[in-house]
Amino acid sequence: MTPSKPRLGVLALMLEGYEPLFPGFIEHQTRYVRQVLESLDGTAEFTFPGPAGNRAEIEALTARYNAEELDGILILLLSYSQGQYLVRAMQRNHLPLALALVQPNETVGENFGEWELTINQGIHGSQDNANCLMRAGIPCVFFAGSRLNGELAAFVADFAAAAATRRAMQRMKIGVVGRLPGMGDVITDDMAVFRTLGPEFVSDSVGTLQGFCARITPEQVADRVAFERTVFDVDPAMPPESHAEAVRMYLGFKAYLEAGGYAGYTAHFEEFGADGRFTQLPLLAASSLMADGYGYAAEGDATAAMWMAAMIRLCGQADFSEMYMMDLAREAILFCHAGEGNWALCRRDRKPFLMDRVFNEGGLSNPPTPIFCPEPGPMAVMSLVHLGADRFRLVYAPGRVLDECGLKQCDMPYVFFRPDSGVRPCVTAWLEQGGTHHEILVPGTPEPRVRLLCRLAGIEFVRV
């Protein structure tokens with residue numbers, strides 16, 4: 001599931017009329033662009049055939065980058081360049097855009113003449129082009145700052161990841177197996193998601209999953225069980241046949257996802273009890289698939305599953321959970337769900353515990369359940385909200401995972417999360433902004449690239 005390095009096309013703009021006035025201008029600024037790209041090594045793979053000095057060259061390069069199906073376009077201003085000349089190319093463009101305003105010189109020298117002022121005057125070309133993009137309704141993200149101190153590299157790395165994720169979302173498919181009746185906050189317009197954000201929600205039956213599970217061989221199950229005994233501390237009370245059945249479901253679900261080209265899935269647990277052919281709920285399957293890099297959400301919440309898949313593509317890892325209760329003494333929120341959790345995020349000083357858990361939802365037998373807490377440190381909690389029509393909002397709460405892992409009877413993966421804004425303000429704002437009761441958790445501080453993805457996808461970003 002490891003993504004390839006993003007590929008960006010470079011659209012370096014200049015006014016072609018400067019070459020007769022300043023012979024060598026094009027060659028000098030071309031070398032400058034190559035120096036900038038060398039400083040960005042590792043953030044993306046770049047395509048830069050040369051600068052564009054007029055409308056025809058802008059449109060030709062943009063068409064080339066689209067034909068090559070790159071992940072995005074990075075615009076640099078090498079001098080003034082007319083904004084109107086960019087518009088028609090961008091109306092035909094399907095790739096995410098970023099405009100980065102940097103300069104060959106980052107301070108004004110006392111001996112600067114017309115040459116130095118001209119090669120550094122990309123600022124008003126940036127303004128012209130940004131204004132024209134805004135008035136044409138073309139989304140673009142922007143940067144203005146230093147190319148020498150790491151600021152530009154950080155921005156380009158975030159943009160490249162956001163652009164590649166935006167492109168991946170347009171090809172993404174999410175499997176949907178059942179939905180919990182009456183759960184209103186996760187109901188969305190599937191066509192609005194497809195039309196606006198890109199992912200396709202594919203409704204399927206629990207019988208399809210059972211068919212894939214039935215084709216798993218005993219040898220496959222035995223190999224996976226042996227592997228899991230190196231990953232988990234397995235409950236001594238766990239019946240071997242129970243663990244084997246949980247593994248068979250995991251392998252079957254994974255085969256289903258691979259066959260359909262799905263980036264994630266959601267399933268409503270009552271489907272498994274009603275079907276009559278399952279003996280336990282697929283808690284281990286969901287947990288291990290999240291650890292493999294698939295998006296997931298419970299109860300038919302395809303939107304949350306899709307957003308988790310996007311966050312895995314954007315940030316590397318993510319988890320699915322719910323706010324269970326406020327802990328005002330700890331100034332934290334306790335997160336947990338029925339028993340699913342991305343055990344790859346388990347804190348490093350202990351193994352996840354695979355429990356023979358008594359859990360009778362659906363009238364089935366004990367489901368093997370991974371119990372763990374994530375590594376303490378920074379984390380972001382987020383919820384994608386459908387506001388109606390083609391409008392979406394991301395409710396985003398940054399904070400920290402507390403070093404708390406001592407609950408003795410919580411038979412679920414759990415985390416104490418302390419929001420930066422405080423429990424009361426955070427939860428109040430979450431309610432005010434319509435945040436759903438299913439949340440995606442992302443380790444670290446991913447706000448810059450999440451904001452960029454939201455801007456590229458037309459999603460309103462609200463920090464609480």
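The values are calculated or read from the model by the stated rules, or taken from the named source; none is laboratory data. Just so it is clear, the structure is predicted and the values come from calculations on it, not from any experiment. Here the Cβ is made from the backbone with ideal geometry for all residues, glycine too, and neighbour counts use every protein chain on show. Areas reflect the complete protein model, heavy atoms only, side chains present, ligands, DNA and RNA absent. Shrake-Rupley method; radii C 1.70, N 1.55, O 1.52, S 1.80 Å.
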(message) Looking only at residues that are of a type in the set (A, V, I, L, M, F, W, C) and part of a helix (DSSP H, G or I) in segment 220-235, which one is most open to solvent (accessible area, probe 1.4 Å)?
(response) Phe227
(message) Only one of Glu27, Glu45 is touching a strand residue (DSSP E or B) at 6+ places or on another chain (Cβ under 8 Å) and surrounded by fewer than 20 Cβ atoms within 10 Å (Cβ to Cβ). Can you tell me which?
(response) Glu45
(request) Collect the residues in segment 1-24 that are more than 19 Å from Ile119 (Cα to Cα) and surrounded by fewer than 16 Cβ atoms within 10 Å (Cβ to Cβ), keeping them in residue-number order. (result) Met1, Thr2, Pro3, Ser4, Lys5
(message) Looking at segment 236-286 only, could you name the residues that are under 22 Å from Ala310 (Cα atoms), assigned to a loop (DSSP other than H, G, I, E, B) and out of contact with any Leu (no Cβ under 7 Å at 6 or more places or on another chain)?
(response) Gly261, Tyr262, Ala263
(request) Go through segment 297-323 and count every residue that is small (Gly, Ala, Ser) and within 17 Å of Ile187 (Cα to Cα). (result) 6
(message) I'd like to know if segment 322-330 contains one or more residues that are touching a residue at least 40 places away in the same chain (Cβ under 8 Å), crowded, with 24+ Cβ neighbours inside 10 Å and in contact with a Phe, Trp or Tyr (Cβ under 8 Å, 6 or more places away or on another chain).
(response) no
(message) Scan segment 293-300 and tell me whether some residue there is in a loop (DSSP other than H, G, I, E, B) and open to solvent by less than 10 Å² (accessible area, probe 1.4 Å).
(response) yes
(request) Please specify each residue of segment 415-438 satisfying the condition of being farther than 16 Å from Glu322 by Cβ and in contact with a Pro (Cβ under 9 Å, 6 or more places away or on another chain). (result) Asp420, Ser421, Pro425
(request) Collect the residues in segment 84-103 that are closer than 15 Å to Leu8 by Cβ and in contact with a Cys (Cβ under 9 Å, 6 or more places away or on another chain), keeping them in residue-number order. (result) Pro96, Leu97, Ala98, Leu99
(message) With the requirement that a residue be without any contact (Cβ under 8 Å) to a residue 60 or more places away in the chain and hydrophobic (A, V, I, L, M, F, W, C), what does segment 253-273 give you?
(response) Phe253, Ala255, Ala259
(request) Please give the helices (runs of 4 or more DSSP H) falling wholly within segment 1-107 in which 2 or more residues are modelled with pLDDT of 95 or more. (result) 25-39, 55-67, 84-91
(request) Being open to solvent by 10 Å² or more (accessible area, probe 1.4 Å) and under 29 Å from Phe212 (Cβ atoms) is the filter here, so list the residues in segment 150-180 that pass it. (result) Arg167, Ala168, Gln170, Arg171, Met172, Lys173, Gly178, Arg179, Leu180
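The rows are residues; the columns are (1) modelled with pLDDT under 95; (2) open to solvent by less than 30 Å² (accessible area, probe 1.4 Å); (3) farther than 25 Å from Met172 by Cβ.
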{"residue": "Ile187", "(1), (2), (3)": "yes, no, no"}
{"residue": "Phe212", "(1), (2), (3)": "no, no, no"}
{"residue": "Ala237", "(1), (2), (3)": "no, no, yes"}
{"residue": "Arg248", "(1), (2), (3)": "no, no, yes"}
(request) Being in a loop (DSSP other than H, G, I, E, B) and either open to solvent by less than 10 Å² (accessible area, probe 1.4 Å) or in contact with a helix residue (DSSP H, G or I) (Cβ under 7 Å, 6 or more places away or on another chain) (or both) narrows it down to one of Gly362, Gly341, so name that one. (result) Gly341
(message) For the list (1) under 23 Å from Tyr294 (Cβ atoms); (2) crowded, with 19+ Cβ neighbours inside 10 Å, I need the number of the one condition that Met183 fails.
(response) (2)
